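Just below is one structure, and these are the notes that go with it.
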Amino acid sequence: MTKETKTIWWNDENNSVMMIDQTKLPIELVVIEITSVERLAEAICHLEIRGAPALGVAGAFGVALSAVSCVSDAKFVETVAADAEFLRRTRPTAVNLAWGIDKVLRSIENLPSEMAKFFAVMTAKNIAVDDEKCCMLLGYKGASLLPQNGTVLTHCNAGALACSTWGTALGMIRSAHKMGKKISIISCETRPLLQGARLTAWELSHDNIPVTSIIDSEAAYLMRQGKIDCVVVGADRVTKDAIFNKIGTYMHAICAKHHNIPFYVAAPTSTFDVDAVEADITVEERGRDEIAAFFGKTTLPDGVPIINHAFDATPLDLVTAIITEKCVIYPPYDISSFRQT
Ligand code: MRU
């Protein structure tokens with residue numbers, strides 16, 4: 001994907017939200033149009049749109065959609081507030097979703113409904129544009145940390161598809177590639193929903209960046225063999241003491257530490273939750289169907305219980321640096337100055 005290719009955008013003609021349906025990749029590239037808050041919530045729950053920064057934009061567009069579709073001036077404030085709460089509950093872990101929703105809500109506080117509709121759309125569009133800027137800056141700042149020649153391991157998809165465009169972890173990789181660095185990527189497939197295989201491998205091969213796909217449990221052995229020079233992942237939430245990201249990230253961080261391999265986290269400051277600690281955060285747990293079957297075939301006997309956390313927490317002492325759009329942060333980490341507005 002180029003920086004001009006968007007994952008999610010506002011359609012002025014119809015006052016609707018357009019997005020790539022990520023559940024269809026890599027088989028087909030399908031763009032869908034969303035015209036109601038209910039359908040947007042469904043798209044978020046089913047991961048048609050996913051990835052922390054993209055969820056921030058989706059939440060913002062959701063409030064705008066609610067505002068522009070509200071026909072009653074008398075019920076405007078309560079309708080938009082109820083829709084915002086409904087959207088907020090769709091996925092609890094990525095802080096960007098609530099952040100995007102709140103930013104649009106704040107921008108329309110105490111405004112008459114006609115004006116609020118205009119400001120809601122404008123603020124939401126600005127969030128999408130700012131996300132692009134953040135990714136470009138973060139990518140540029142982070143690229144210098146990547147080797148001139150080498151192999152980078154990544155997990156899940158922190159690419160253009162997880163943002164408005166360009167990506168965070170993959171933004172660093174794209175920028176490094178543009179600078180002429182000869183890097184190749186190991187993309188962990190990311191069970192159970194295969195964001196690494198379906199999305200990261202698709203994005204990178206599309207951009208002619210060398211990428212090899214592995215099953216998640218291959219990573220430790222490749223590190224042991226000296227085949228990985230560094231790890232770069234994204235984040236769904238950065239608290240005072242931990243990084244929340246796709247399940248499996250913690251395992252890679254421990255292995256990287258054991259093998260003396262740098263472990264980098266690419267996260268725009270919209271992902272920072274400066275007052276929270278790990279214990280405060282709800283980690284989304286998803287359904288049995290995601291792990292009790294593979295390619296439509298049942299792989300687990302009936303009645304066997306499952307655990308399906310969508311994310312895990314990596315303590316900050318395993319993180320070599322956090323790359324943001326503002327600066328690169330090194331240990332000892334103090335994120336208090338990155339409070340969001
Ligand atoms: O469940 P998903 O696909 O929304 O999980 C996404 C991730 O874990 C990403 O790594 C994270 O959101 C960072 S995206 C820049």
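Residue check: is Glu285 open to solvent by 70 Å² or more (accessible area, probe 1.4 Å) and assigned by TED's automatic domain parsing to the domain that holds Met179? For Glu285, the condition - open to solvent by 70 Å² or more (accessible area, probe 1.4 Å) and assigned by TED's automatic domain parsing to the domain that holds Met179 - is met. Of all residues in the stretch 207-236, those satisfying the criterion of being open to solvent by 60 Å² or more (accessible area, probe 1.4 Å), closer than 27 Å to Gly296 by Cα and either of a type outside the set (D, E, K, R) or not assigned by TED's automatic domain parsing to the domain that holds Ala256 (or both) are Thr212, Ser213, Ile215, Ser217.
Looking across the stretch 32-47, the residues that are more than 16 Å from the ligand (Cβ to nearest atom) and surrounded by 13 or more Cβ atoms within 10 Å (Cβ to Cβ) come down to Ile32, Ile34, Thr35, Ser36, Val37, Arg39.
When we screen Val274, Val265, Val283 for residues that are outside any loop (DSSP other than H, G, I, E, B), touching a residue at least 40 places away in the same chain (Cβ under 8 Å) and within 21 Å of the chain's Cα centre (by Cα), the only hit is Val265. Once the stretch 164-191 is narrowed to residues that are in a loop (DSSP other than H, G, I, E, B) and more than 30 Å from Ala293 (Cβ to Cβ), the residue that is most open to solvent (accessible area, probe 1.4 Å) is Met179.
Look at Ala54 and say whether it is hydrophobic (A, V, I, L, M, F, W, C), more than 19 Å from Ala120 (Cβ to Cβ) and within 15 Å of the ligand (Cβ to nearest atom). The answer is no for Ala54. Evaluating Thr239 against the criteria (1) open to solvent by 20 Å² or more (accessible area, probe 1.4 Å); (2) modelled with pLDDT of 95 or more leaves one unmet condition, (1).
Checking each residue in the stretch 298-323 for being within 12 Å of the ligand (Cβ to nearest atom), part of a loop (DSSP other than H, G, I, E, B) and either closer than 24 Å to Gly171 by Cα or open to solvent by 30 Å² or more (accessible area, probe 1.4 Å) (or both) picks out only Ala310. Looking only at residues in the stretch 78-100 that are in contact (Cβ under 8 Å) with a residue 12 or more places away in the chain and more than 16 Å from the ligand (Cβ to nearest atom), the one that is surrounded by the fewest Cβ atoms within 10 Å (Cβ to Cβ) is Ala81.
Just one of the listed residues (Ile173, Ile228, Ile243, Ile185) is farther than 26 Å from Pro332 by Cα and of a type outside the set (Lys, Arg), and it is Ile185.
The values are calculated or read from the model by the stated rules, or taken from the named source; none is laboratory data. The model shown is predicted, which means the values in this text are computed figures rather than measured ones. For neighbour counting, all protein chains shown are included, and Cβ atoms are generated from backbone atoms with ideal geometry for every residue, glycine included. Accessible surface areas use protein heavy atoms only, side chains included; no ligands, DNA or RNA. Shrake-Rupley method; radii C 1.70, N 1.55, O 1.52, S 1.80 Å.
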